[in-house]
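First up is the structure itself, then whatever we jot down about it.
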Amino acid sequence: MTSEIRPQPGILDIALYEGGAATVAGKSNAIKLSSNENPFGASDRAKEVFSRCVHQLHRYPSTDHAVLREAIADVHGLDAARVICGVGSDEIIHFLCQAYAGPGDEVLFTEHGFLMYRISAMAAGATPVEVAERERTTDVGALLAACTERTKLVFIANPNNPTGTMISAAEIAQLADGLPPQAILVLDGAYAEYVDGYDGGLTLIEARENVVMTRTFSKVYGLGGLRIGWGYGPAAIIDVLNRIRGPFNLSNAQLETAEAAVRDQEYVTRCRTENARLRVWLAAALAELGVPSDTSLANFVLARFADVAEAEACDAYLRDQGLIVRRVSSYKLPHCLRITIGDESACRRVAHAVAQFKGKR
Ligand SMILES: *Cc1c(COP(=O)(O)O)cnc(C)c1O
């Protein structure tokens, strides 16, 4: 008997998202450099607040997230009424697709763009449209050329994952200006804090009606395990997203820990500085070994190998040494490995292991 129970069209075409590996069989002390996590963890103040949350587990959380939105607005100079908080920025991406794209609509993203854009577009029944990049960098001309009267959303991560590259404020403005009138530009700023002086596209959001930004506590704030993200944009769009947001989408622990984290900007600055220093060091060390990478502005480098076989062999060698990095074939970069910037000893171990690997070949 064949069942007549069927999901919405498109859903069975979604490829399951695979996170970065966390363990290597037989290695109890492997170093995980596969998910762009902050090697220093969360700030002490955030951890202290989280530990106190155990006393109010029986209480329902706030539905409007007012205290966290005020804290985010305070720190970034925003209008708190236009901040929306979600279960990771993934949930904000999901709300945008659910609210603005459906069957017949197109959702654009770039060739090596974040996999969640495709997944959320397909979950909404919309058509995902992948647009070529230029030298592993967002190509504004190509994105504009790919727009049609069906384009509803254009996602770009700036800096991008897994390439680490970024486009200028002028290029982002050109993209926003050139979009068809029914389309929203979504600037995914998951790595924005790693770029000294970058506002994540805030100036553009305040000047226009068609730009939204997503941000996360999962990267520089070191709270990937707790799942908190947020979005910011024009009042009309945020109002729409709030209508489909579950009233209790975030727990007390998420809300209060995130508030403590965002108020500890000293910690963010320290992590950004250390990341930049080690990223430059690691990229140079790899380049010297004949493994180039584009200049990264995020907390990882995308190491390019001669071919797929060499990338695979190096990945296997690193694993043997207890070093877990990320293969990025699903991002159409099978000859590359994405390596999260760890602490100093992790970076030195990676460089040392790649040198040994290269020496053996
Ligand atoms: C890590 C990452 C995110 C963050 O997702 P969360 O759901 O907030 O953990 C968003 N976008 C990109 C491009 C990322 O790499």
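Return the pair list, or none, for Cβ contacts closer than 7 Å from residues in segment 80-109 that are outside the structural domain of residue 128 (by TED's automatic domain parsing) to residues that are open to solvent by less than 10 Å² (accessible area, probe 1.4 Å), at least 6 apart or on different chains.
So the pair list comes out empty.
Looking for something within 14 Å of the ligand (Cβ to nearest atom), crowded, with 20+ Cβ neighbours inside 10 Å and either farther than 25 Å from residue 11 by Cβ or not assigned by TED's automatic domain parsing to the domain that holds residue 240 (or both) - is there at least one such residue anywhere in segment 142-150?
Our first condition is that a residue be within 14 Å of the ligand (Cβ to nearest atom); within segment 142-150, this holds for none.
Among the residues of segment 142-150, not one is within 14 Å of the ligand (Cβ to nearest atom), crowded, with 20+ Cβ neighbours inside 10 Å and either farther than 25 Å from residue 11 by Cβ or not assigned by TED's automatic domain parsing to the domain that holds residue 240 (or both), which makes the answer no.
Would you check if there is a residue in segment 104-122 being more than 29 Å from residue 20 (Cβ to Cβ), away from the ligand (no atom under 16 Å from the Cβ) and of a type in the set (A, V, I, L, M)? Lay out the reasoning, then the answer.
Step one: of segment 104-122, the residues more than 29 Å from residue 20 (Cβ to Cβ) are 104-106.
Subsequent filtering for residues that are away from the ligand (no atom under 16 Å from the Cβ) retains 104-106.
Now narrow it down to the ones that are of a type in the set (A, V, I, L, M): none.
Among the residues of segment 104-122, not one is more than 29 Å from residue 20 (Cβ to Cβ), away from the ligand (no atom under 16 Å from the Cβ) and of a type in the set (A, V, I, L, M), which makes the answer no.
Return the total of residues in segment 290-321 being crowded, with 16+ Cβ neighbours inside 10 Å, over 26 Å from residue 193 (Cα atoms) and touching a residue at least 60 places away in the same chain (Cβ under 8 Å). Spell out how you get there, then give the answer.
Of all residues in segment 290-321, those crowded, with 16+ Cβ neighbours inside 10 Å come to 291, 293-294, 296-305, 310-312, 314-315, 317-319, 321.
Then keep just the ones that are over 26 Å from residue 193 (Cα atoms); that gives 291, 305, 310-312, 314-315, 317-319, 321.
Checking which are touching a residue at least 60 places away in the same chain (Cβ under 8 Å) leaves us with 291, 319.
Of the residues in that region, 2 qualify.
For segment 87-96, check the following and say yes or no: at least one residue is touching a Ser or Thr at 6+ places or on another chain (Cβ under 6 Å) and more than 26 Å from residue 223 (Cβ to Cβ).
No, there is no match, as no residue in segment 87-96 is touching a Ser or Thr at 6+ places or on another chain (Cβ under 6 Å) and more than 26 Å from residue 223 (Cβ to Cβ).
Only one residue in 243, 326 is under 25 Å from residue 201 (Cβ atoms), among the basic types (Lys, Arg) and out of contact with any Phe, Trp or Tyr (no Cβ under 6 Å at 6 or more places or on another chain), so which one is that? Show your work before the answer.
Working: 326 fails: under 25 Å from residue 201 (Cβ atoms).
Criteria check complete, one pass: 243.
Does residue 283 fit the bill of being more than 16 Å from the ligand (Cβ to nearest atom) and touching a strand residue (DSSP E or B) at 6+ places or on another chain (Cβ under 6 Å)? Walk me through how you get there before you give the answer.
Values: more than 16 Å from the ligand (Cβ to nearest atom): yes; touching a strand residue (DSSP E or B) at 6+ places or on another chain (Cβ under 6 Å): yes.
Yes: the conditions hold for residue 283.
Restricting to segment 86-103, what's the tally of residues that are within 14 Å of the ligand (Cβ to nearest atom) and open to solvent by 30 Å² or more (accessible area, probe 1.4 Å)?
So the count comes out to 4.
Just checking, does segment 195-215 include any residue being among the hydroxyl-bearing types (Ser, Thr, Tyr) and in contact with a helix residue (DSSP H, G or I) (Cβ under 6 Å, 6 or more places away or on another chain)?
Initially, segment 195-215 is screened for residues among the hydroxyl-bearing types (Ser, Thr, Tyr), giving 198, 203, 214.
Right, trim to in contact with a helix residue (DSSP H, G or I) (Cβ under 6 Å, 6 or more places away or on another chain) and you get 198, 214.
Yes: one or more hits.
Spot the failing condition for residue 83; the list is (1) more than 15 Å from residue 255 (Cα to Cα); (2) open to solvent by less than 40 Å² (accessible area, probe 1.4 Å); (3) not small (Gly, Ala, Ser), and only one is missed.
Just one mismatch for residue 83, condition (1).
Here's the yes/no breakdown for (1) over 24 Å from the mean Cα position of the chain (by Cα); (2) open to solvent by 50 Å² or more (accessible area, probe 1.4 Å); (3) over 30 Å from residue 302 (Cα atoms); (4) more than 16 Å from the ligand (Cβ to nearest atom):
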position: 30; (1), (2), (3), (4): no, no, no, yes
position: 47; (1), (2), (3), (4): no, yes, yes, yes
position: 55; (1), (2), (3), (4): yes, yes, yes, yes
position: 61; (1), (2), (3), (4): yes, no, yes, yes
position: 68; (1), (2), (3), (4): no, no, yes, no
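The values are calculated or read from the model by the stated rules, or taken from the named source; none is laboratory data. Since the model is a prediction, treat every value here as computed from it, not as a measurement. Note that each Cβ is placed from the backbone with ideal geometry, even for glycine, and that neighbours are counted across all protein chains shown. We work out accessible area using only protein heavy atoms, side chains counted, and drop any ligands, DNA or RNA first. Shrake-Rupley method; radii C 1.70, N 1.55, O 1.52, S 1.80 Å.
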